[in-house]
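Here is the structure we will look at, set down as structure tokens.
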Amino acid sequence: MSRTVLVVDDEPTISDAVAARLRGEGYQVVTAADGPTAVEACAQFDPDLVVLDLMLPGFDGLEVCRRIQVSRPVPVLMLTAKSDETDMLVGLGVGADDYLGKPFSMRELVARVHALIRRAERSATVESNSVRIGDLQIDHRERRVSNESGDIHLTRTEFDILAYLAARPRTAVSRETLLSQLWGWDDSASSRTVDSHVKALRRKLGGDLIRTVHGVGYAVESPR
């Protein structure tokens with residue numbers, strides 16, 4: 001089954017090159033060059049993944065990401081020339097699943113697109129079950145997280161990281177394992193992406209639930 005990718009970039013050279021490469025990989029590709037058109041294209045074509053530049057005319061990629069995630073969570077690979085960690089955290093916080101800085105290799109972009117789509121497909125077929133960690137309820141079927149105060153909004157990737165760690169309470173899981181199991185690729189240089197998602201999780205769930213295991217990675221602390 002052919003998958004559809006929406007490529008959003010206001011630089012024709014980049015947009016055309018990415019679109020051509022992804023078509024060569026067997027994807028159907030739709031392009032947009034500004035924020036409003038990107039949101040309209042997402043509603044019209046219902047893509048399986050969005051490759052989204054941060055700096056766009058109309059409104060930026062952060063606003064595009066916010067708007068397209070409202071109706072249906074869709075995997076987003078955000079592209080940017082910026083390297084500031086604040087920009088990265090904001091992008092991941094509004095629903096981006098991964099972050100790729102310009103200039104980038106087309107081979108790496110394609111690998112990340114493949115991995116994000118595979119992960120989305122696995123998430124769609126997860127068995128119906130739930131896990132409780134203290135007062136936190138994790139519902140795999142509905143992909144919902146709640147506590148005594150109500151629902152806690154998590155992005156797709158934040159949910160996947162939490163669910164993976166919660167299935168192995170008190171077990172140290174390395175960043176490399178998370179990258180391999182959730183993203184589908186082995187690249188220790190990308191561990192910063194994992195760290196950024198965990199920071200966002202701690203802000204939403206409290207700083208005590210996910211413990212840093214120095215020199216290894218992270219573990220969920222389950223109350224005894």
Handout entry: Only Lys, Arg (+1) and Asp, Glu (-1) charged, at Cβ; the chain dipole about Cα centre in debye
Key = 780
Completion exercise
To the nearest 0.05, the calculated FRET efficiency linking ARG211 and ARG144 through their beta-carbon distance, R0 being 25 Å, is 0.60
Handout entry: Cα-based helix-to-principal-axis angle, 35-45 vs the chain, degrees rounded to 10
Key = 80
Completion exercise
For the chain, the Cα-Cα pair-distance distribution in 10 Å bins from 0, as whole percents, is 8, 34, 36, 18, 4, 0
Fill in the blank from the handout: Rounded to one decimal in nm, the spacing of the 7 Å Cα→Cβ label points at GLU63 and ALA17 is 2.8
Exercise for the section: Report, to the nearest 10°, how far helix 156-166 tilts away from the longest principal axis of the Cα atoms in the chain, using its own Cα long axis and a range of 0 to 90°. Expected result: 30
Problem - Long-range HN-HN contacts of VAL29 with modeled amide H, under 5 Å - result: VAL5
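In Å², what does the accessible area per residue of segment 1-73 work out to with a 1.4 Å probe?
I get 49 Å² per residue for this part.
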Exercise for the section: With a 1.4 Å probe and every protein chain kept in, tell me what percent of the accessible surface of the chain is carbon plus sulfur. Expected result: 47
Exercise for the section: Give the calculated FRET efficiency between ASP34 and LYS102 to the nearest 0.05, with a Förster radius of 22 Å applied to their Cβ-Cβ distance. Expected result: 0.80
Exercise for the section: Quickly estimate the mean residue ellipticity at 222 nm for the chain, helices only: each DSSP H run with n ≥ 4 gives -39500 (n - 2.57), and the total goes over all residues, rounded to 500. Expected result: -13000 deg cm²/dmol
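The values are calculated or read from the model by the stated rules, or taken from the named source; none is laboratory data. Here the structure is a predicted model, which means the values were calculated and not measured. Every residue, glycine among them, receives a Cβ derived from its backbone with ideal geometry; neighbour counts consider all protein chains shown. Just so you know, the surface numbers come from the protein's heavy atoms only, side chains and all, with ligands and any DNA or RNA stripped out. Shrake-Rupley method; radii C 1.70, N 1.55, O 1.52, S 1.80 Å.
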